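Worksheet: the structure to be examined is printed underneath.
Each value in this text was obtained by applying a stated rule to the coordinates, not by laboratory testing. What you are looking at is a predicted structure, and each value in this text was computed from that prediction instead of being measured. Neighbour counts run over all protein chains shown; Cβ positions are idealised from the backbone, glycine included.
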Amino acid sequence: MKINKSYITIIISSIALVLVLIIHFNWIVQSAKVKEELFNEKANMVLSLTTQALCSDKQTCTSMGTCCLMHSSSECKLKLSELEIHKIDSLLTHFMNLYNFHIPYSFEVIKPNSEAALIKNYQPSNNVFKKRLEEMANNNGLELKLIFPDKKQFILAEMGILFISSVILILIVLFMFWRTIASLIKEKKIAENTTDFLNNITHEFKTPLTNIALAGRMMVKDSNINSENKIKHYTAVILEENEKLRIQVEQVLSISALERGENNSVKSNIDFHQTIILAAKSINIQIENKNGSLNLNLNASQYHVFGNASQLSNALSNLIDNAVKYSNEKPDITISTSSSEHHLVVTISDKGIGIEKQYLENIFGKYFRVPTGNLHDVKGFGLGLTYVKNIIEIHQGTIHVISEIGKGTSFKITLPLFHGQS
């Protein structure tokens, strides 16, 4: 199976971008670890210098240490006097300022309940740091416990602009990359649809042009050209094929004009039931030739809308024509209407081949044609439903489609009622 080069490029680019993002994310994580190690180092230095200063103060060492409250299963907490609290707090503040280390903290003087707990508690645990008061260790084994409740927030703040800008840039790169990929896929589909359109339009134009040229050559070569019947026959062929060309060109030009916002059509109060009857009548010959049926259930109590009769009639004709084209054998088409206080609802249903769910969201796209398997005799440019949707929307209406393979398709049109109706 041949793999499209565009998809290979997309896959390789995606893998490369993911690897870059992984490396960048790992770099951010490593930077956070470095910041945390620096934080721990500063905290331990502050704690070490504070304990040394406390141990050198004999008066504080003597007064500290007998009254103890239970703090946990492995340690107890000392009750300190205001003087002792002030002394320790002053030392901590001094050494933190010395290391340019500004973060909220709390502290405790504790006594581990066992030697194992004492050894274990030498290591910092997340935001808690402990240090033995060496001068008093032989007598009572006290240690100073320094707690930083906002440690994580402090590290993130230290990373600051670096961290935030990295996250924002990663998100922007991801967004722009996937937008680029989506645009590439969309442009690729448009290019494919445009190619199909050009192939279709070449074929559709080629047939009538060939017939016109053939009729012209026959008129030149035929020795019995003076026969009135033959002249009429060849002329009729030329006029008929010319009309086909005119309709095809007009359809393409109408779509282009609508896309440019050029809609200078005259609108008026329209009897939509009458519009449906006329559209059905114009296509009924095709249905009868296939031994099919077209049923009208015009049950709307209010059916006047404000719009352009020609455009709305063309939109209806397109939908009915599609229903005929995509019916396997005998077309069985139903057009029904209903109304609410403010809207007219028109439903065109058939029992044809149906449309697969994967194509439903694309059927109103320009140049899009639903793949029809072995049904090669269906002609068109893929502009009909685009034209219908544009016409309905410029009349402030909506159109929806419901379809099931093998059971048929229903198009539901909703149009605002004419407010001036009596």
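Points worth noting:
- Förster-model FRET efficiency, 41 Å R0, TYR359 and SER48, C-beta, rounded to 0.05: 0.05
- Proxy reagent accessibility, fewest Cβ within 10 Å first, across HIS304, HIS342: HIS342, HIS304
- R0 of 45 Å, Cβ-Cβ distance VAL167-LYS77: FRET efficiency to nearest 0.05: 0.65
- 10 Å binning of all Cα-Cα separations within the range 268-416, expressed as whole percents from 0 upward: 11, 44, 36, 9, 0
- Label-point separation in nm, LEU214 to LEU19, each point 7 Å along Cα→Cβ: 6.1 nm
- Cross-link table LYS221/LYS290; LYS186/LYS267; LYS186/LYS281; LYS188/LYS281; LYS290/LYS412; LYS131/LYS151, entries beyond 30 Å C-alpha to C-alpha: LYS221/LYS290; LYS186/LYS267; LYS186/LYS281; LYS188/LYS281
- The simple spin-label model puts a point 7 Å past each Cα toward its Cβ; for GLN274 and ILE10 those points are separated by 5.2 nm.
- Segment LYS407-ILE190, length gained on full extension (0.36 nm per residue, minus Cα span): 75.1 nm
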